[in-house]
1. Where the centre of each part is set by its Cα atoms, how far does region 176-196 sit from region 49-73, in angstrom?
2. For a footprinting-style exposure proxy, rank 150, 194 by other Cβ within 10 Å, fewest first.
3. Once the other residues with Cβ under 11 Å from the Cβ of residue 19 are scored (Lys, Arg +1; Asp, Glu -1), what is the net sum?
4. Tally Lys and Arg at +1 and Asp and Glu at -1 over the other residues with C-beta under 13 Å from the C-beta of residue 133: what net charge comes out?
5. How far apart, in nm, are two points set 7 Å out from the Cα along the Cα-to-Cβ line at residue 97 and at residue 127?
6. Quick check: net charge around residue 60, other residues with Cβ under 11 Å of its Cβ, Lys/Arg +1 and Asp/Glu -1?
7. For Cα extents along the principal axes in Å, the choices are (i) 40, 38, 29; (ii) 79, 40, 31; (iii) 57, 40, 32; which was calculated from the structure?
Amino acid sequence: MFVIPDDLPIELTPFTFLIGAWRGSGIISYSSSESDPTGIEFTQRLSFMPVGSRLEFVSNTFDAAGAPLVQERGFWSLARPASQSDAGPGLLPGSGVPLLSVREDLELWRNSAGGFDIEALIIQPSNIAELYFGQIKGARIDIATDAVLRSPNAKDYSAGQRIFGLVEGALLWAWDMAAMGNPLKSHASARLTRDE
């Protein structure tokens, strides 16, 4: 059972099961060539924290010796048209009444599959930014890239799909990617528990 914090923005209600800090381990199963090793173990610290009407995503991964592997940062939200109450672009403040004023209004955003359409922007320090679209339904998230932006100096990366789900109190995730000339295939997965 999830307890919805009183101060949680209404739009973040579907994300309640994610909110907080998580810690655990996983395995990288992606190879870029016939000779590359697979089955590389890693540990991960992950957090989802409310920031206005968005959920801030922070991921830090480490190799078996504890050395940093990759950091990711981003923002997740319900997929909906921008309104006058939203801040931006740039530093412009929002004005007006929020689209949702009571939790019951959230049902207006439920999709035909019974979930909620969501979007996520995830950036990596390797000069790659991913824009994901998908859905959250219950305690499961399925997202796929709509666009990947990378600098001319970044390694080839063209698409990704991620799944997150709460199973018996643990957050499980899997990530498929198309990179370095390979089609979309399994990249990594992990099992995380709440970091109390």
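1. Using only Cα atoms to place each centre, the spacing works out to 14 Å.
2. On the way: 150 16, 194 12.
Exposure proxy ranking, most exposed first: 194, 150.
3. Working: positive: 194; negative: 56.
Here the count lands on 0.
4. On the way: positive: 80, 162; negative: 117, 119, 130, 142, 146.
So the environment of residue 133 carries a net charge of -3.
5. 4.8 nm
6. Details: positive: 23, 45, 73; negative: 72.
Neighbourhood net charge equals +2.
7. Computed from these coordinates, Cα extents along the principal axes in Å corresponds to label (iii).
Bear in mind that the values in this text are calculations on the coordinates, not laboratory data. Note that the structure is predicted; figures quoted are calculated from it, not measured. So basically every Cβ, Gly included, is an ideal-geometry build from the backbone, and we count neighbours across all protein chains shown.
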